[in-house]
Amino acid sequence: MKKTIFLASLTIAATTLTGHAWADQKSTTMKQHAVIAPATQQGTNLSVTVDSAANPYEIAGIDDPKAFIEFFNKLQKAVAANDKKTVANLIAYPLRVNHDGTSVEIKSKKQFISKYNQIITDQVKKKLLAQDVDKVFVNWKGIMIGDGEIWISVFDHKIAVYAVNR
């Protein structure tokens, strides 16, 4: 019985500390949610209000919100224009590309450009171009675009795309 209570307490504590947040620049707060029972599909969400008016991307490790907005706009513009070289410069290598349960590493700009159409699919492009910068999902792993098609974070003091799920 004591072991069960200890494990339940440990699970609750761990999941509470690994919440996520939605960045909403129009609001002066950011909601964080932690799922109490991660092992099940059902659970109770806790809402915690955090003052993040100055930087809604801070939880993702981004210190300068203007830099992220500039990065995001540049990425959208380059993808809309099918500018493979510019997009390749916005990637953190190796880039993780996930599809149907498999994962591939793209190790260089040259490899990214050669596989661009297989990575930046119509669905990935559609989700990126439809995404509002002030309505992105933010957590400690980074900033999610669409329904997880693109993940962005900071690598070597540079904002970059680090994963694409197609």
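The values are calculated or read from the model by the stated rules, or taken from the named source; none is laboratory data. All of these numbers come straight from a predicted model, not from anything done at the bench. All Cβ positions, even for glycine, are placed from backbone atoms using ideal geometry, and neighbour counts span all protein chains on display. Only protein heavy atoms, including side chains, enter the accessible area calculation; ligands, DNA and RNA are left aside. Shrake-Rupley method; radii C 1.70, N 1.55, O 1.52, S 1.80 Å.
Okay, here's what the table says:
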item	result
Residue-level accessible surface for K74, protein heavy atoms, 1.4 Å, Å²	110 Å²
Charge context of Q76, other residues only, Cβ under 14 angstrom, K/R +1, D/E -1	+1
A80 paired with Y93, simple spin-label distance in nm, labels 7 Å along Cα-to-beta-carbon	2.8 nm
Shape box of segment 60-105 [Cα atoms, principal axes, largest first, Å]	34, 28, 17
Å² per residue, accessible surface of segment 48-130 at 1.4 Å	59 Å²
Candidate aspartates and glutamates - alpha carbon under 20 Å from K125, same-chain residues fewer than 8 apart omitted	E70, D83, D100, E105, D134, D147, E149
Listed residue pairs exceeding 24 Å between alpha carbons, taken from K84/K126; K85/K126; K66/K110; K74/K158; K84/K158	K66/K110
Carbon and sulfur %, accessible surface of segment 63-162 computed with the full protein complex present, 1.4 Å	50 percent
